[in-house]
Structures are given as structure tokens and as C-alpha cells.
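Worksheet: one structure, shown below.
The values are calculated or read from the model by the stated rules, or taken from the named source; none is laboratory data. Keep in mind the model is a prediction, meaning the values are calculated, not measured. Ideal geometry is used to build each Cβ from the backbone, glycine not excepted, and the neighbour counts take in all protein chains shown. Surface areas here come from the heavy atoms of the whole protein model, side chains and all, with no ligands, DNA or RNA. Shrake-Rupley method; radii C 1.70, N 1.55, O 1.52, S 1.80 Å.
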Amino acid sequence: KMPMFIAMDRPKHTDQRRTVAPAFTPSEMVRMTDNIRMRTAEILDSLPVGREFDWVDSVSIELTTQMLALLFDFPWEERRKLTYWSDWAGDIEIAKDPVRKEERRQILFECAAYFGNLWQGKLGKEPRPDLISMMIHSDAMSHMDQMEFLGNLILLIVGGNDTTRSSMSAFAWGLEQFPDARAKLEADPGLIGNATQEIIRWQTPLAHMRRTATQDTELDGHRIRAGDKLGLWYLSANRDESVFPDADRIIVDRENARRHLAFGHGIHRCVGARLAELQIGVLMEEMARRRLRVNVLREPERVAACFVHGYKKMAVELSRY
């Protein structure tokens, strides 16, 4: 069992979250915007127009893994290790197979050992704005044992990688499904901010989270007892017709798109939500600036998991409009 702050109560949760939160403040987002825009532009300018390629690998994974490498001050040329570890960590179905479960354990320990070396290299150094340095220079996280260190690393890697990656892929796949929404967005780039929320809602990159009830209560006629384990299906909430009419459609000017629960809710709401919105929004802005459209060529290959709701491969071709 790996402790991580998404599964902690106050006050320990508050202290650990407070350690990494400064990496995601509005002022940090302003500071990062130029860098995100520059890297997004570089990737888009390197893509072939009119020739098939894999959107998931070339755009979604590359953009999010670059971002994660910057956040961790991770060796740039080895950044795809982050993708690899993220894929193994996020695949919770592996637990059903003892052989693969053991393989996964070994791979995650490799991840911990690698980060342990990065940690050692930063000990005694001046504080820097990367996540490992922030942990080292905090009371709440400077003395974590190996399992807690690994738990929080995995939380930040999967949280910063699989999620935004799946929404960037949903931008391509979703707008292919709803050409009217795509036409509206292409005609009015002012809708990009709202469309970002709508795509995150429509995709819901992490399908659920489990919590434990702390007291007896009743919800919609169902009795819940203290200690009951509850599955919170964000995926279902984001399709709730009583909140989002015509919920299965992408409606880029949907008035309440921001009410989605894809980032969770309450004290555990995604600490990196602003960064995710920024990365997805910038991708859409830079696509619009180049008047580039993604045409999905066939049904994407999906991630076979109940937790990470995403795409493995997506064959696409770019065109201009």
C-alpha cells in the first residue's frame, strides 16, 4: 500500500498538498505560459500536414511528458521514462494478475530509485521551483519513507500525465464526432476557454475515485454507513442529464461546462487543474492560429482500464481550414 496525499485526511493532507501547491499558483501559470506556448508551437510546426501520424504519441504524450519533465527538473533526454512509469502506475487492472503485479512493483521501485537519485542530487542545494526541491525544503515532505515518497510521486506523475494527455486526445477525437461543435469553435476562437472545460467534462480522464464514509448519512434514498467504501464515478456525474442537458454531446458554448467534476471536488480537488486547463487551451489556440484541423482516420485504440479513461493510439491527418 502506498500512502499519497490524495488518500489522506487533514491535517497531514493539508501540509503535504501545501508543499506542492506553489508550483500551480496563478503567478506560476503566468510564468509558464510562454514556455508552454513555445513548446506547443514547436511540436505543431514539426507535424506533417496531409500525412498520417499518431496524435496520442506525437502530441498528447509529448506535450504532457515535456511539462512533467520541467515540473520535476527531470533529465530531458530521459523524459519518456515518465510516460512509461505513468502507464504502469495508472493501470490498476494489473493487480488481478500476480505475475504482472510483481512486474509492476519492480518497475515502480525502479521509478522510486531513479527519483531517489534526483532527490540526493538536490539535497543541501538552494531551493528551486521544481517539485522535488519543494518537497526537500518542506517540513511536511522532507522526511517521507520510501513508500510515501513513491506514492506521492506516482500521484503527481499519473495526475500530471495521463489526465491532460487524455483530454488532448479527446480534443481530436471529440471534435471529429461533432463537426458542428468543431465548426463553431473554428469560427470563433473566443470559445476556446469554455471548450477546454467542455472537452475535459466530456472525456473525464480519471473515471472514479474511492472514498470512505466518515459518518452515517442518506443520499438520494440510499443509506450510507460510517466506514462504507464508496465509488465516486466522476464519469457518470459529468454525464448527468439533470445538470448537463444532451450530456453525451460536446457543446463548445455549453453555459455550465465548468461545473464538471473531472478534477474531483472539495479538499482533494486536482492541485494541477489550472496547469491542465492552460496546456489544453494553449494547444487549441495554437491549432487555431495555424488554422489546423485534426482528422481522425479510424477508431482510436483505447486504454483498457476502469480508472484511467484514455487513448493508446489515434491515427490522424492534419488539414488546413
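If you take the residues in segment 110-161 that are without any contact (Cβ under 8 Å) to a residue 40 or more places away in the chain and acidic (Asp, Glu), which one is most open to solvent (accessible area, probe 1.4 Å)?
GLU126
Kindly establish whether PRO22 is in a loop (DSSP other than H, G, I, E, B) and not hydrophobic (A, V, I, L, M, F, W, C).
So PRO22 does not fit the description; no.
Only residues that are open to solvent by less than 20 Å² (accessible area, probe 1.4 Å) and either touching a Phe, Trp or Tyr at 6+ places or on another chain (Cβ under 9 Å) or within 20 Å of ARG274 (Cβ to Cβ) (or both): list them for segment 172-181, please.
Within segment 172-181, ALA172, GLY174 qualify.
Within segment 244-261, take every residue that is among the charged types (D, E, K, R), open to solvent by 40 Å² or more (accessible area, probe 1.4 Å) and in a loop (DSSP other than H, G, I, E, B) and give me the one that is nearest to LEU206 (Cα to Cα).
Applying the filter and picking the extreme gives ASP248.
Looking at (1) in a loop (DSSP other than H, G, I, E, B); (2) under 16 Å from PHE5 (Cβ atoms), can you tell me which one GLY124 breaks?
(2)
Which residue is surrounded by the most Cβ atoms within 10 Å (Cβ to Cβ), if the candidates are limited to segment 75-105 and must be at pLDDT below 95 and outside any helix (DSSP H, G or I)?
Here the answer is ASP91.
Quick check on segment 193-202. Is at least one of its residues at pLDDT 95 or above and surrounded by fewer than 20 Cβ atoms within 10 Å (Cβ to Cβ)?
Yes, the conditions are met somewhere in segment 193-202.
Is it true that some residue in segment 234-243 is surrounded by 11 or more Cβ atoms within 10 Å (Cβ to Cβ) and touching a helix residue (DSSP H, G or I) at 6+ places or on another chain (Cβ under 7 Å)?
Yes, there is a match, as at least one residue in segment 234-243 is surrounded by 11 or more Cβ atoms within 10 Å (Cβ to Cβ) and touching a helix residue (DSSP H, G or I) at 6+ places or on another chain (Cβ under 7 Å).
Which residue is nearest to SER60 (Cα to Cα), if the candidates are limited to segment 276-312 and must be part of a helix (DSSP H, G or I) and β-branched (Val, Ile, Thr)?
ILE280
Out of the residues in segment 29-55 that are surrounded by 16 or more Cβ atoms within 10 Å (Cβ to Cβ), more than 17 Å from the chain's Cα centre (by Cα) and not hydrophobic (A, V, I, L, M, F, W, C), state the one that is nearest to LYS312 (Cα to Cα).
My answer is ASP54.
Show the residue pairs that are 6+ apart or on different chains and have beta-carbon atoms under 9 Å apart, the first residue being within segment 255-267 and of a type in the set (Val, Ile, Thr), the second being outside any loop (DSSP other than H, G, I, E, B) and surrounded by fewer than 16 Cβ atoms within 10 Å (Cβ to Cβ).
The qualifying pairs are ILE267/THR14.
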